[in-house]
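The structure appears below as structure tokens.
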């Protein structure tokens, strides 16, 4: 389309929507082949999936009712939803983990909105996390040991605490890797490469088996806090590399200009360099946050009843034995909701900050 309309070259976006859809689906032999293959794949997958999830599913009843039909047993999900969310936490105290979920989701929502990026939020965040921990432990009521915690509150707590702690540590580590002090730079490089070259499963096993032996005699730490300590150190290395990528984008002249104006090193980093570097690496950081949330499912390998392990254990109940498909499907839906939400948030935040830069 080379014609000029009113002195302006027409763009594809000015064409009718129906034309653009048809052109995208059947505009070339390759598009036609992809469209037909997609239609065949959908026709092969969707009908049996629809029958299993909806048409032949059992929505209410007992395990015997589910066994009489070939579809999904959503009655099992209804019966075990509390176990999915709270695992072995005492049933009469379920209001505590429910309150923790609300508090953590509220904190994450506030922290995600740029208008609330103030010092007050930085002060309130550790207080909210501490309140969540004390609430789960029952410091001011019936105590509950960490080995009884489980479900979604544990996943959110590990995710929030570990990433919140790893971020400032990662900033220091990224600056150390760029330091002019050779010894400090080599130490930072060695730490980052060691952690990035070690599987997270090995880190979790170290938290379970090795860390207790390294503690002084008479000092014991529960399995969950041990795992959180080493997971924080593990993810600090990955976060540091993302932040270092942002630091490399900042022209050296900006730091030199700040120094010429009389700003010290730390003020230059805090006021000039780091705000720009963090803005550049927003996509990388959000991607890391999503990956970290999904990686919390590895806590199941050391027996911590996070969301995934609680879903798996719910299908071992003798009254509802064997409904693993439904269990994993619910867990997958929760992980997908957080992952997809984080992805959309990243796109929104980039546009929001880009609009602020233009103004």
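Read-outs: derived from the displayed coordinates by stated rules, not from any lab. Computed from a predicted structure; not experimentally measured. Backbone-built Cβ (ideal geometry, glycine too); neighbour counts: all protein chains shown.
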* Volume of the Cα convex hull of segment 233-359, divided per residue and given in Å³ -> 120
* To do: Using Cα centres only, tell me the gap between segment 250-275 and segment 215-229 in whole Å.
  => 40
* Considering the chain as a Gaussian network with a 10 Å cut-off on Cα pairs, which listed residue, 86, 338, 234, attains the greatest mean-square fluctuation? -> 338
* To do: Can you put 133, 44 in order of Cβ neighbours within 10 angstrom, beginning with the fewest?
  => 44, 133
* **Globularity index of segment 295-347, i.e. its alpha-carbon radius of gyration over 2.2 N^0.38 Å** => 1.31
* Rg and Dmax [Cα atoms of segment 80-211; Å; Rg one decimal, Dmax integer] -> 18.4, 57
* Asked: In segment 53-151, what is the volume of the convex hull around the alpha carbon atoms, normalised per residue and reported in Å³?
  -> 127
* Asked: When the chain is treated as a GNM, springs tying every alpha-carbon pair under 10 Å, which of 18, 98, 300 comes out with the largest mean-square fluctuation?
  -> 18
* **Projected area averaged over orientations for the chain, convex hull of C-alpha atoms, nm²** => 28.0
* **Whole-number percent relative contact order across the chain, with pairs defined as alpha carbons under 8 Å at least 6 apart** => 16
* In the Gaussian network model of the chain, springs joining C-alpha atoms below 10 Å, which of 257, 295, 131 carries the largest mean-square fluctuation? -> 257
* Structure fact -> Going fewest to most other Cβ atoms within 10 Å around each Cβ, 80, 267, 223 line up as 267, 223, 80
* Asked: Counting alpha carbon pairs within less than 8 Å and at least 6 residues apart, what relative contact order, in whole percent, applies to segment 126-283?
  -> 25
